[in-house]
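Novice: Following this message is one structure expressed as structure tokens.
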């Protein structure tokens, strides 16, 4: 690949584990960087094909040998490159180093455009994942017994975000010149285990929404569950209704008003007239067999 040439008129993205770094700033621990042959070929490949490093946010290094003490090594082996034609199309592209969990490498997240802000959830549901916390059993039972509307469904996402932020802070310190103390290194490993457990709960969260009972328990949180849950949500959405006068409406506020009017009329208090109804207490309506 390094000997090939790329068409400069086509937008090109190249990313992944290049198994080399380009300078001493991209390495910490181990032998001092000496610009070996692999790094020289990588630099020549980038220069020949007009490839630019997009930079990154997050931890400074993307790989670690996961050893302790003086034997630990950090290197930025993974990166994403974009040529000038690609930069013209996505000038705001950014790369984020995500936290390391199962692998020694950081996953790379490429965002070509700015993400829209997240909208708050409007739904409140009981989550199957609540049952995995023994401490919440009594709390759920106590709250469920109250005449209220239940608990927020966003707590799991908030806890996951908190763990990810804490892990990101620790890994940033781990990649710095100061490094982690023994207590902080233990905390890093503990939080990584907690996040893995949280991701398993998130898989249960999506299985509940997908309503897919035939999926085996070993299947994890994947694009399939997201797509299945989204399809159910789209299928349950009311996009148009027909009013009693034959008019069709599709605007959500109008649909909501029509439903409110329908059920308000259905459940409104009515005046009932009992005229001409038989009076069961009248003596003449009692059968002779029941008279003493």
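Novice: With a bin width of 10 angstrom, please list the P(r) values of segment 13-111 as percents of all Cα-Cα pairs, from the 0 bin to the one holding the largest distance.
Specialist: 15, 45, 32, 8, 1
Novice: Something else about it: Between residue 90 and residue 43, what FRET efficiency follows from the Cβ-Cβ distance if R0 is 25 Å, with the result rounded to 0.05? Could you put the intermediate results ahead of the total?
Specialist: Values: r = 24 Å, r/R0 = 0.95.
For R0 = 25 Å, the calculated efficiency reads 0.60.
Novice: Assuming R0 = 35 Å, what is the FRET efficiency of residue 102 and residue 31, from their Cβ-Cβ distance, to the nearest 0.05? Mind dumping the intermediate values first?
Specialist: Values: r = 27 Å, r/R0 = 0.78.
For residue 102 and residue 31, the calculated efficiency is 0.80.
Novice: Normalized C-alpha radius of gyration of segment 60-99, against 2.2 N^0.38 Å? Could you put the intermediate results ahead of the total?
Specialist: Working: Rg = 15.0 Å, N = 40, 2.2 N^0.38 = 8.9 Å.
Ratio of Rg to 2.2 N^0.38 Å for segment 60-99: 1.67.
Novice: Taking 30 Å as R0, compute the FRET efficiency from the Cβ-Cβ separation of residue 155 and residue 255 and round it to 0.05. Could you put the intermediate results ahead of the total?
Specialist: Numbers: r = 30 Å, r/R0 = 1.01.
Efficiency for this residue pair is about 0.50.
Only the coordinates and a few stated rules stand behind these numbers; no lab work does. Not measured: the values here are computed from a predicted model. For neighbour counting, all protein chains shown are included, and Cβ atoms are generated from backbone atoms with ideal geometry for every residue, glycine included.
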